[in-house]
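Have a look at the structure below before the remarks.
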Amino acid sequence: MRATARWAFADLRTHRGQALSIVLATAGITAALLLSAALLVYAANPWQRLFTTTQGAHVWLRTTAAADIGALRKLDGVSALSGPYRTEKVTLRHGADKAAADIRATGPTPPQIGRPRLAAGHWRVGPGEIVLEKSMATALWAQPGDTLSIGAGGAEQRVRVVGVAQTAETRYAPDSGPGISWASPSVVRSSAGASLPTGQTVGLRLSDPADTAFMVQRAVTAVGSDQVVSVATWQEARADAEGDNHLLGLLLLLFGVGALLAAAIAVTGGVSSRVLAYGRDISVLKAVGFTPGQIVQMFLIQHAALATAGVVLGAAATETLATRSPGQLSAAMTLWQGLPEHTWALPGTAVTTVLAIAAATVLAAWRAGRVPAIPAARIAAPGRRRMSGAARAVLRWRVPPALVLGCRGFLHRPWRSAAAVVRLALPLMMIAVALGAWATLDRIQHHPAQVGLAGQLTVRPSGLPDDQIRELLSRQPGIAAVEPGIELAALAPGQTETVTLRGLGTAARPYPFAVAEGRAPSGPAEAVAGQGLLDALHVTVGSWVRVTVGGTPHVLHIVGRSIEMEHGGRVLSTSYDTLRVQDASVRPSYYAPVLRPGARSDAVRQALTHASHGALEVRDSAAPAEQFTPMRGVIAGLVAVLALITLAELSTEIAAGIRNHAADFRAYRSIGLSPRQSVATMVTSIGILASAAAVTGAALGAWASRWLIDLQARHSGVGSGLAVPPSWAALTLLVGTCLAAAVAACVLPVRRAIQEQSMRALRTVQ
Amino acid sequence: MTQGDRTPDRESHVLRVEGLAKTYRADASEVAAVRGVDLNVRHGEFVALTGPSGAGKSTLLHLIGGLERPDRGRIWLDGRRVDGLSEARWAMIRRRSMGIVFQYFNLVSTLTVADNIELPGLLAGRAPREVRAAREELLAELRLEGKADNTPGDLSGGEQQRVALARALVNQPTLLLADEPTGSLDSKATREVMRLLTRCHRRGQTILLVTHDARVASSADRVISVFDGEIADDVTPDGSECGPSSAADIVRLRG
Amino acid sequence: MRLPLMALLANGPAHGYELKQALERLFGAAYPQPNIGQIYVTLGRLEKTGLIRGEDVTQSDRPNKRTYELTDAGREAVAAWFDELSHEPRVRDEFFMKLALAPQTRMADQVSLINKQRRHYLNLMRAMSRLAAEEDQGNLISQLLIEGAILHLQADLDWLERCQEELE
């Protein structure tokens, strides 16, 4: 309606400063949310990262040598081809380990599409050289410089590993098909076996990744279904890689939603206080003929306009500037912009933010519709209560009156004060949850043994007899003890999938499993299980399970639950000796030396390699550190958003407090309080509010973070017990900062308000 | 001295009120502000409500304007029954057929004078150009031409009340309600406002005015005394019956 | 003084001293003390005009008292007095006397007295306003006189309101 719009914009013009600050705040929050989303995608999806940076192919086809690849090039929807590469299926051997692999013939430079990313060594393969895919290299315990033998049908070739690379294809696992490696065409040719046919591998990059299933059908038809050996899609590869990262991903998503909710609540508070500040004008307008609905409409128009302006500004700034900013932010933004989800995620976030703010505005502005239409009518204030006996007594004891009056001001309307405390505590609680997540990350990163991650070093026996290896290891000064270990794929009864059976430690020296419930295995046939295993087999701590490894049964008594970060928690851990007892053919597949406290893993590794003259293979255990830095970035970003929201809520509370107590200031003057004391009463009031909110928020947040992380850990199979609440120091810092910010933020406005009051009093006297 | 006309001719009555009552309840005490008031106002009449403070005059005016809900009673505006309407419907009636002027706080402090006056016009759905023309005409008549872009804070009390009157009249309402419009003004401003009101009245505007000022009341067609929530007396003052015919008589009177 | 005394006698016969006491009791300290001599003189005059009738009452240990009572003519005169309008401002006193005596005599009603007086003032006010409009704007003296009268009228009307508030 014209009249409503006229009022809305005239009012905005009058309060230009306020409008601008609201727009900027919204822009800031939007930008922070978007950046956090980008970092989240970046952090929680390493596969996606890899796929984008390697220009991955969406479909990989393995065909016979005679297949007509040219037909694929002409297909509608295929934007580029990778290959075709002549491919042979071989068996790679490295010492005792062997694995089936496809070798692809490649040129001196890596291909454009599906370009493998080098993790070690170099790409240029000459004759007798090979580059392995990373999971293959791990399975074979191979590094650049090692020599492998290719056996295919009898003739053996020796090749040297010159590089290890990563691709965005399905990783190698012993029972799931051949792994990937690249070599020069001459190597590939000479490894062709008589029985296994030569083939081709070609990768297709699609213009519309969502259409993959259809495109696969068309590709297979184009080449001829009898010519196709196997097909692999990017969705399979992603599912394969993605199992492990739900933990923090879901937590951070929950976080984003919570931040939006807190922002909405802050907006509600802000709009309510503006409504109250309006008071009389609304009455006049109602008397003139505005309906209550139109009044609410006006606030809605105003705040929707401001929110839209802010969101658009924030989104535009983020999109254009973030890619130019240093460090991980730009990498994350570039990645995110390249994703197909980006096209709807960005406007989706913007629209959701605007809608959330609009909904909050309507809720708050509904009160405006209830203001009486008579301008002089005072909005009924509940009766003031007499000062309690306690307060009077305290005054008699010469406690500074500012303190007492400040307390009273806070406690005077208990429900309103409680509501304010709750509103302020909400973002603070979420900050505490973020601190808890940070503390848990710290634990995972710096104390991996506490969370079930293997020790820092793993040693692989390479043909040396067991006792010699043990002797070599125990002679090292940095090593405190040696644990033999083995990991086997076992079949549980009734399961079509496999679980992992791990034997670690001896009866004399049991391995310190990270036990969350029950106890560590001590006697024979005792084991601990991960949450994933307990869920998969529907057993609890205290039951007996029977698993088979290649026909040999192992019967174990589960005496405890351990925290398992690997294999989705479906791990049964027992001592190596138990396994040996139940199956005499078991040999240790690796040794996990326990380092003395203070010994550095790379120093010990170098010493070991030197002492064994290269016979021992020593490796750093998987260090998930690199995936944690972006997560920390996300947490920091969200904390920034929440801090902004807290500040907004604080300033609303301060403004409301000043307005409600304006009349009191005059009374204070007349009873003899100096202006400084009046300021002190208001500051005390706000200080109490901030402290109450901070303490509540910190306490609730510390508990909630533990509960949330454990909940998520339990569901992902890792098992509860992972979470660590934020440290006391962090919580104290939070409370202190909040209090300091509150006091700092309110001193100036309060002083200005008191000065205004005294000016007004002087004017009326004149 | 005739009593107010009690036998209504329906068509010529702008306002008809029967048995209006309102009681305020606050913290276990009750105040009956208006008890059982009957009132009829004809087209073009200028009615003044007087009485001691707390007698219920303002409440009566608020009830008639739909700013408050009556506990009992019926109200007809231009023949249409309006007492049971919702707040939104009342707002729509007010914007088209009523102009209201209060003693204080008549104007929206964040809007300019021009916007303030034009607002009811825009609300009623008239074309902006038409409304602007009406506004300029009113401002000229009120001798406030230069003030169109000022905010209410820049104006004196009298000027604000004149602007408020302009705002109330911009839609040429059926009924003009005024609650102590001169209550907070000095004598000069009071005279200005009264001159305006009489001018409007002569043009046919129906006015219902609450006032303390006897001079203001005496310029009305009818003076209704409200006492303790009820109508105590309904007078049509006629200055021709009595009174001095020259200043000399006054001197003698005072002596 | 004549008519108030007659109005008091409307209640019933009384002698001079009783009348004096009644006046004092009614008006208290706000009204100048009635002079007993003046009262007797007034009573004598009233008797002479036939509005009241006097009668001697013999007392054993004191000089004879003269008791007065109202005649029919006197009663009519009192009724007429109540019906009359007071024109001059100073007549306020007379008006107030009527107001004070009305409940005792049960011959007039306070509210209607007030209403009548108010109507009169309103008419006067209107006449004054018209006079001010018609009179030469340049003649400051007359304008000020009219203004003065209007202000007095305002004050009188306010006072009427107070009376209505307090006496109801």
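Give the average, rounded to an integer, of partner chain Cβ atoms located within 10 angstrom of each Cβ in B:84-91.
Per-residue shielding by partner chains comes out at 4.
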### Query
Cβ under 9 Å from A:Gly199's Cβ, A:Gly199 left aside: what net charge do those residues give with Lys, Arg +1 and Asp, Glu -1?
+1
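Sum up the charges of everything whose Cβ sits under 13 Å from the Cβ of A:Val223, counting Lys and Arg as +1 and Asp and Glu as -1, but leave A:Val223 out.
Details: positive: A:Arg62, A:Arg73, A:Lys74, A:Arg218; negative: A:Asp68, A:Asp226.
Summing Lys and Arg as +1 and Asp and Glu as -1 gives +2.
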### Summary
Phi angles of the range C:54-65, converted by Karplus (6.51 cos²θ - 1.76 cosθ + 1.60, θ = phi - 60°) into ³J(HN,Hα) in whole Hz with x for Gly and Pro, give x, 8, 7, 10, 7, 10, 6, 9, 10, x, 4, 9
### Query
Once phi is turned into ³J(HN,Hα) by the Karplus curve 6.51 cos²θ - 1.76 cosθ + 1.60 with θ = phi - 60°, what whole-Hz value does each residue of the range C:106-119 show in order, with x for glycine and proline?
6, 9, 8, 10, 4, 5, 5, 4, 4, 4, 4, 5, 5, 4
### Relative contact order for the range A:454-621, counting Cα pairs under 8 Å that sit 6 or more residues apart, in percent
36
#### Entry: Residue (of C:Thr49, C:His120, C:Leu101) at the positive-pole extreme of chain C, dipole from beta-carbon charges
C:Thr49
### Query
Cβ under 12 Å from C:Val41's Cβ, C:Val41 left aside: what net charge do those residues give with Lys, Arg +1 and Asp, Glu -1?
+2
### Message
Once you keep just the Cα pairs under 8 angstrom separated by 6 or more residues, what percentage relative contact order results for the range A:56-240?
### Response
39
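Can you pull the mean other chain C-beta count within 10 Å for peptide A:71-82?
Numbers: counts 0, 0, 0, 0, 0, 0, 0, 0, 0, 0, 0, 0.
Neighbouring Cβ atoms belonging to other protein chains average 0 per residue here.
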### Message
Taking amide H atoms as placed 1.01 Å from N in the peptide plane, list the residues 5 or more away in sequence, or in a different chain, whose amide H sits under 5 Å from that of A:Glu617.
### Response
A:Arg460, A:Ser462
### Task
Using +1 at the Cβ of each Lys and Arg and -1 at the Cβ of each Asp and Glu in the range A:454-621, identify which of A:Pro484, A:Ala520, A:Ala611 lies farthest towards the dipole's positive end.
A:Ala611
#### Entry: Förster radius 25 Å - calculated FRET efficiency between A:Thr343 and A:Gln217, Cβ distance, rounded to 0.05
0.45
### Query
If amide H atoms are built 1.01 Å from N in the plane of the peptide, which residues on other chains or at least 5 residues away come under 5 Å of the amide H of A:Ala514?
A:Gly452, A:Ile563
### 3J(HN,Hα) from dihedral phi, the range A:440-446, Karplus parametrisation 6.51/-1.76/1.60, rounded to Hz, x for glycine, proline
5, 4, 4, 4, 5, 6, 9
### Query
In percent, what relative contact order does chain A have, based on Cα pairs under 8 Å that are 6 or more apart in sequence?
16
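Total Lys pairs in chain C closer than 22 Å by alpha-carbon, pairs eight or more apart in sequence or interchain only?
Details: C:Lys20/C:Lys48; C:Lys20/C:Lys65; C:Lys20/C:Lys98; C:Lys48/C:Lys65; C:Lys98/C:Lys116.
Lysine pair count for chain C: 5.
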## Note on the structure
Taking a straight Cα-to-Cα line shorter than 13 Å from A:Lys286, and setting aside same-chain aspartates and glutamates fewer than 8 residues away, one finds B:Glu68, B:Glu87
### Task
Over the Cα atoms of the range A:454-621, compute the convex hull volume and normalise it per residue, giving Å³.
111
## Note on the structure
Amide H contacts under 5 Å for B:Thr206, restricted to residues at least 5 apart in sequence or on another chain and with H modeled in the peptide plane, are B:Gly44, B:Leu176
### Query
For A:Leu363 and A:Arg519, what does the FRET efficiency come to when R0 = 56 Å and r is the distance between their Cβ atoms, rounded to the nearest 0.05?
0.60
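Given the rule -39500 (n - 2.57) for each run of at least 4 DSSP H residues, summed and divided by the residues of chain A, what is its mean residue ellipticity at 222 nm, to the nearest 500 deg cm²/dmol?
Taken over chain A, the calculation gives -18000 deg cm²/dmol.
Could you state the per residue volume, in Å³, of the convex hull enclosing the Cα atoms of chain A?
On the way: hull volume 169.0 nm³, N = 766.
It comes to 221 Å³ per residue, whole-number rounded.
Averaged over its residues, how many other protein chain Cβ atoms are within 10 Å of peptide A:5-12's Cβ atoms?
Numbers: counts 1, 7, 7, 0, 0, 7, 4, 1.
The shielding value for this peptide is 3.
Over the range A:56-240, consider all pairs of different Cα atoms and compute the Kirkwood hydrodynamic radius from their mean reciprocal separation; express it in Å, one decimal.
Numbers: mean 1/r = 0.0607 Å⁻¹.
The answer is 16.5 Å.
The numbers here are math on the coordinates, done by the rules we state, and not lab data. A quick note: this is a predicted structure, and the numbers were derived from the prediction, not measured. Here the Cβ is made from the backbone with ideal geometry for all residues, glycine too, and neighbour counts use every protein chain on show.
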